[in-house]
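Notes to accompany the following structure.
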Amino acid sequence: ALGPGVPMWAAGIAYPPDGIAGVRMDPRRGGWAEVERPFRHEMSHLLLHRSVAGRALPRWFKEGFAMLQAKEWSFERARALSAAALTDNLLDLDDLERGFPRGRGEVTLAYAQASAVVGQMLREDSAAFVDLLRRTRQGRPFRAALEESYGAPMADIEAAWRSELDTDYALVPLLTGGGTVWVVASLIFLLGYARRRRE
């Protein structure tokens, strides 16, 4: 209903300037429970657009905000984010500002980064976050509004986020990787074997 350009994998889509959004719903896959998060995500796009009176916002900011509002997080995204941090393969916010990548792995990382950056901005100073939206609504370009609200250059804000990321996600690949699963399975097997022997 929203047009032929909507990819088949998309759970939903929003057209904020028109004030409309749609969510794909398959009655065989859980009904409302299946669409609640996409619904919150797409509504967040519409409301964020209204809050800044339609002023331009970078895609990473819009997607990160919508993901936080919809509480969309997963081990897959956390693992992609931590692996990129450990291998120094994080995407630059400047690149994400120009557009999101198309490959599945890079798209997963782009969304994970967007959510993590916006989440840190909110945790660090929610008043500055609100001020950022106010300044943007008044016509300040996003980057200028961000630097004025947080009192630091964009490069410093991104560097602080990367530094915090190293601490927060360092153990994720170890805890979610395939090797860990095999180690845990082996320990369970050995404990079971030892118990049987005792019996």
Prolate/oblate/rounded call for the stretch 119-162, Cα gyration tensor, a/c under 1.5 rounded:
oblate
Kirkwood hydrodynamic radius of the stretch 48-132 from all distinct Cα pairs, in Å?
13.4
Solvent-accessible area, 1.4 Å probe, carbon plus sulfur percent, for the stretch 67-159
49
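Which value results for Rg/Rh of the stretch 28-92 when Rg is the Cα radius of gyration and Rh the Kirkwood radius based on the inverse mean 1/r?
Ratio value, two decimals: 1.08.
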What does the stretch 1-154 give for Rg and for Dmax, in Å, if only its C-alpha atoms count?
16.0, 50
Calculated FRET efficiency for the pair Gln138/Asn89, C-beta based, R₀ 41 Å, to 0.05:
0.65
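Using the heavy atoms of the protein chains and a 1.4 angstrom probe, tell me the accessible area per residue for the stretch 52-151 in square angstrom. Please list the in-between numbers first.
On the way: 5090 Å² over 100 residues.
Value for the stretch 52-151: 51 Å² per residue.
The values are calculated or read from the model by the stated rules, or taken from the named source; none is laboratory data. Note that the structure is predicted; figures quoted are calculated from it, not measured. Positions of Cβ are backbone-derived with ideal geometry, glycine not excepted, and every protein chain shown enters the neighbour counts. In case anyone asks, the SASA skips ligands and DNA or RNA and just uses the protein heavy atoms, side chains included. Shrake-Rupley method; radii C 1.70, N 1.55, O 1.52, S 1.80 Å.
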